1. Add +1 for every Lys or Arg and -1 for every Asp or Glu among the other residues with Cβ under 14 Å from the Cβ of V54, and state the total.
2. Tally Lys and Arg at +1 and Asp and Glu at -1 over the other residues with C-beta under 10 Å from the C-beta of E107: what net charge comes out?
3. Over all directions, how big on average is the projection of the convex hull of the alpha-carbon atoms in segment 292-346, in square nanometres?
4. With each label point set 7 Å from Cα along the Cα-Cβ vector, what nm distance links K3 and A309?
5. With a Cα-only, solvent-free Debye model of segment 117-180, what are the log10 I(q)/I(0) values at q = 0.18, 0.25 Å⁻¹?
6. Rg to Rh ratio, the chain, alpha-carbon atoms and Kirkwood radius?
7. Under 37 °C and 0.692 mPa s, how fast does segment 49-152 diffuse according to Stokes-Einstein, given a Kirkwood radius computed over C-alpha pairs? Answer in µm²/s, whole number.
8. Straight-line reach from K80: which lysines have Cα under 21 Å away, leaving out those fewer than 8 places along the same chain?
Amino acid sequence: MTKVPRKFYEPLAIGAPQPYREPPVALERMIHFFPPQNEKLRAKVPDMAGQVDVLLGNLEDAIPADAKEAARAGFVEIAKGADLGTTGLWTRVNCLNSPWFLDDITEIVAAAGNKVDVVMLPKVEGPWDIHYLDQLLAQLEARHGVTRPIMIHAILETALGVENVSAIAAASPRMHGMSLGPADLAASRGMKTTRVGGGHPFYGVLEDAHGEGAARTLYQQDLWHFTVARMVDACVSNGIKAFYGPFGDFADSEACEAQFRNAFLLGCVGAWSLHPKQIDIAKQVFSPDVKEVLFAKRILEAMPDGTGAVMIDGKMQDDATWKQAKVIVDLARLVAAKDPAMAEAYGL
Ligand code: GLV
Ligand code: MG
């Protein structure tokens, strides 16, 4: 049973803000993780905010058990104090069955509910997880006078979550999007890799035998192709955004870039940055290519009402390529609004 449309958009608590019909438009090429218990890093937050699209205070994995409360308190301090401009402020809370989740949510919404844009919920397994957080957020928003809905971003990182990905994406108007979590997902599925994202040298297709003793090449394949594509379909068909998550080998920028680019080409709008050098990689990959933008602008100009067919540089354009061009130019406009150098390069 699904909710009837009218009920779907009703606030889940009296006094909670009206759920969004259309999620706010935001540029989110990278979600930059920081450990909020670290005082030195907290001091750098205002600086950091100028360099990234989203800043996320991480409370979950990678934060030691004995630092969980300090991380939560550090995040609250940041959220209350900082003016981050157009940069999004998110937090990744601990998972629903952990000893920390309830205090994470109740304390953060109480102290800084009007400052937090998105709560990232790990290890989501089905729509029931979203429904629970949805109701709880509405109750807390009502109690603490929060004036706009805090959105939910799910991490897709269990086999059951992947099985239910469409129902998760459709679970609430509070859904912002989803990120692929390759580390937990690999563990949950029993995949035989210890890496955080990226390829694996043994996962490939061996070329045909060609002559006695001739060496045969193993062409590496993408371990994450299926899941990313499935996640993109679930998200986009529900009007929410898909992201690639973490890339753990900080030393291998080329592999990180390749992983981010595959995700971008398949429809993802951003990825996580866990190390400062991944910020620029994400910026480069998830901003549309200048040549592509210039060409896309020509398509839009040649077909002002988006219908018909024209030839540009020998290539056929029609209503469908007009829509492709619009996706690229709309994204370029968001980038241009944030970045004057890119605005000039795009001519926007
Ligand atoms: C992210 O949380 C992951 O498990 O990859
Ligand atoms: Mg994880």
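1. Surrounding charge for V54 is +3.
2. -2
3. 3.6 nm²
4. My value for the distance between the label points is 4.6 nm.
5. Normalising to I(0) and taking log10 leaves -0.57, -0.99.
6. 0.99
7. Answer, rounded: 236 µm²/s.
8. Reachable lysines: K40, K44, K68, K115.
We did not get these values from a lab; they are worked out from the coordinates using the rules stated. Keep in mind that this is a model prediction, so the values were computed, not measured. Note: ideal-geometry Cβ built from the backbone for every residue, glycine included; neighbour counts use all protein chains shown.
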